[in-house]
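Just so it is clear, none of the values below were taken in a lab; they were calculated from the coordinates. Owing to the predicted nature of the structure, the values given are computational and were not obtained by experimental measurement. Cβ placement follows ideal geometry from the backbone for every residue including glycine, while neighbour counts extend to all protein chains displayed.
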Ligand SMILES: [Zn+2]
């Protein structure tokens, strides 16, 4: 457990890995079709196991935002829409992983078309299925990081969520966002290290860097550029005593799998050696909720005022 010093810093620098686990649920509204199905098959068959092995090897407790429908057992249905056996694997990981919500059906809660009734159903259904599976949850990872209906999330017992990366392009249209992100990678710009911030009675744990998938043209971005940026992020976290928060989807490792996993290994190796030297905490998102602050407390003005 980390603690705040009340100065916009953590007691010790921290590293968090969070994952969006959704198989086909995240792309139902996009015309990827057959090619994306193939990637999800690789994710299901191979990538989850190998990622868990890597997390185990380096003793990393990651946060998995899981689409609720994946908990359901519907053997006669599309295996890319259901995944209870994969969730079991995550829960049996010898290094305990955190299970959080990615809504029931991958609903975009921050979309203007998402009503309170829809959000209520998405989160209520998720909580029911999680409780039925004895999942002790605190964390919400909002699909596409679009923030909305936090009041409903809080009412359902969530205490933290992954906030938007604090970069200029995050709130821009998709094309601009892609371009801004590409520039950041190509210039190996140091990712922003963040602090948990209270928002509407929840704690935002903003992302720092997406481990960019090697899909489409992005396959030409060498993996070492991603690794270089992440190592710069870890260094910045040490200097600033803040959090470097890396995130991605297991699906993002399904193209150039060997190279992408090797890149992650290099990042995890560096993080683990800093941890072993006592310089870095590696924590799941829920452990970044300040321990000494009651949910919804009004006595955190110092923390709130940090950028
Ligand atoms: Zn998603």
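At a glance:
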read-out: The stretch 158-247: C-alpha gyration tensor shape, a/c 1.5 cut-off, then a/b vs b/c; value: oblate
read-out: For peptides 248-261, 107-120, sequence by mean Cβ density within 10 Å, most packed first; value: 248-261, 107-120
read-out: Value of Rg to Rh for the stretch 13-304 (Rh from inverse mean 1/r over Cα pairs, i.e. Kirkwood); value: 0.93
read-out: Size descriptor, Kirkwood hydrodynamic radius, that averages inverse alpha-carbon separations across the stretch 40-143, Å; value: 14.5 Å
read-out: Within the chain, helix-based [θ] at 222 nm, where runs of 4 or more DSSP H residues each add -39,500 (n - 2.57), nearest 500; value: -11000 deg cm²/dmol
read-out: Relative packing of peptides 99-106, 188-195, 131-138, 266-273 - highest average C-beta neighbours within 10 Å first; value: 99-106, 188-195, 266-273, 131-138
read-out: Computed lengthening from residue 132 to residue 277, 0.36 nm per intervening residue step minus Cα-Cα distance; value: 48.2 nm
read-out: Packing rank of 211-221, 11-21, where each peptide gets the mean count of other beta carbons within 10 Å, highest leading; value: 11-21, 211-221
